[in-house]
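To keep things clear, I will list the structure first and then write my remarks on it.
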Amino acid sequence: VQLQASGGGLVQAGGSLRLSCAASGRTISNNGLGWFRRAPGKEREFVAGISWRGGNTNYADSVKGRFAISRDVAKNRVYLQMNSMKPDDTAIYYCAVARSSYGSSHPEDYQYWGQGTLVTVSS
């Protein structure tokens, strides 16, 4: 599976961005999906996860109420809508495909990773 993330860029605090991740190589309809991020000088952290049919989602406390993960099974894509953005959201964002049908918060539960897209939030 190859993952291509897009949609990153520069946004002012309070603004919005929508990240998209396209999967190719095989269908990911039976897999959980997730978004992670790595800020400068920090460890990679979980952002959001979604189950195989989209019925279950989970979020890091830092983004709850501001970010929303969704998926389009037919298009083999996962999205991350980011609203009310803060400078602390500045990071490289990575999409990932889980080994199971659950969108886990643990990076070791993910098998495939995208190359990342840079998001910068200015104050």
Amide proton proximity set for MET85, modelled H, under 5 Å, gap of 5+: GLY14, GLY15
Residues of segment 71-87 with amide N under 15 Å of the 7 Å Cα→Cβ point at ALA13: 84-87
Local electrostatic count, GLN81, Cβ distance below 11 Å [Lys/Arg +1, Asp/Glu -1]: +2
Karplus 3J(HN,Hα) series, Hz, for segment 60-70 with 6.51 cos²θ - 1.76 cosθ + 1.60 (x for Gly, Pro): 5, 4, 5, 10, 4, x, 10, 10, 9, 9, 8
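Report, please, the projected area of the chain averaged over directions, based on the convex hull of its C-alpha atoms, in nm².
Values: hull surface 26.1 nm².
For the chain, the mean projected area of the Cα convex hull comes to 6.5 nm².
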Extended-chain gain in nm, criterion 0.36 nm per residue less alpha-carbon gap, SER6 and SER24: 5.1 nm
Candidate aspartates and glutamates - alpha carbon under 15 Å from LYS75, same-chain residues fewer than 8 apart omitted: none
Integer Hz, Karplus 6.51/-1.76/1.60 couplings in order for segment 108-118, x for Gly and Pro: 5, 7, 10, 9, 10, 10, x, 7, x, 9, 7
Surrounding net charge for VAL119, when Lys and Arg each add one and Asp and Glu each subtract one, Cβ distance under 12 Å: +2
5 Å-binned pair-distance histogram of segment 80-123 (Cα, whole percent): 5, 20, 23, 19, 17, 11, 4, 1
Charge context of TYR94, other residues only, Cβ under 10 angstrom, K/R +1, D/E -1: +3
Hull volume in cubic angstrom per residue (convex hull over the Cα atoms of segment 11-58): 125
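A short reminder: the numbers here are calculations on the coordinates, not readings from a lab. Since we're looking at a predicted model, the values are computed, not measured. Reconstructed Cβ throughout: ideal geometry from the backbone, glycine too, with neighbour counts over all protein chains shown.
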